[in-house]
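Written below as structure tokens is the structure these notes are about.
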Amino acid sequence: MIVCQVSDVTVVQQIKATHNEQPTFFVYDKYPGGIGLSEKVYDLWEDLLTRTLEHVAGCACESGCPSCIGTQDTFEQAKKK
Ligand SMILES: [Zn+2]
């Protein structure tokens, strides 16, 4: 468990990152030098992905909604079965 505010961590996603040409998430603390939050995310990554998949799959919507995938509108049909 990580106790923080949403504003404490930034997540940037790239469909094709320049360094590995793979879909990539960059997670980093918003504080200079970091305060260890993103490091904890790394440690909990598999559990986080499992819980995220369960949350999105369990949502009653068909293609992704603010409740399951957030408010981004760049990923139409983001939730595919
Ligand atoms: Zn949804």
For the chain, with only Lys/Arg (+1) and Asp/Glu (-1) charged at the beta-carbon, what is the dipole magnitude about the Cα centre, in debye rounded to 20?
160
If r is the Cβ-Cβ distance from residue 3 to residue 59 and R0 is 25 Å, what FRET efficiency results, to the nearest 0.05?
0.50
Run the dipole for the range 1-45 about the Cα centre, Lys and Arg Cβ at +1, Asp and Glu Cβ at -1, nothing else charged, and hand back the magnitude in debye, nearest 20.
100
When the Karplus curve 6.51 cos²θ - 1.76 cosθ + 1.60 is applied with θ = phi - 60°, which whole-Hz ³J(HN,Hα) does each residue of the range 40-52 get, with x for Gly and Pro?
5, 4, 4, 5, 9, 4, 5, 5, 4, 5, 4, 5, 5
Name the residue from 32, 9, 61 whose Cα lies farthest towards the positive end of the charge dipole of the chain, charges +1 on Cβ of Lys and Arg and -1 on Cβ of Asp and Glu.
61
Fully extended contour minus Cα-Cα distance, from residue 31 to residue 50, at 0.36 nm per residue:
4.1 nm
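Each value in this text was obtained by applying a stated rule to the coordinates, not by laboratory testing. This structure is a prediction, so every number in the text was calculated from the model and none was measured. Positions of Cβ are backbone-derived with ideal geometry, glycine not excepted, and every protein chain shown enters the neighbour counts.
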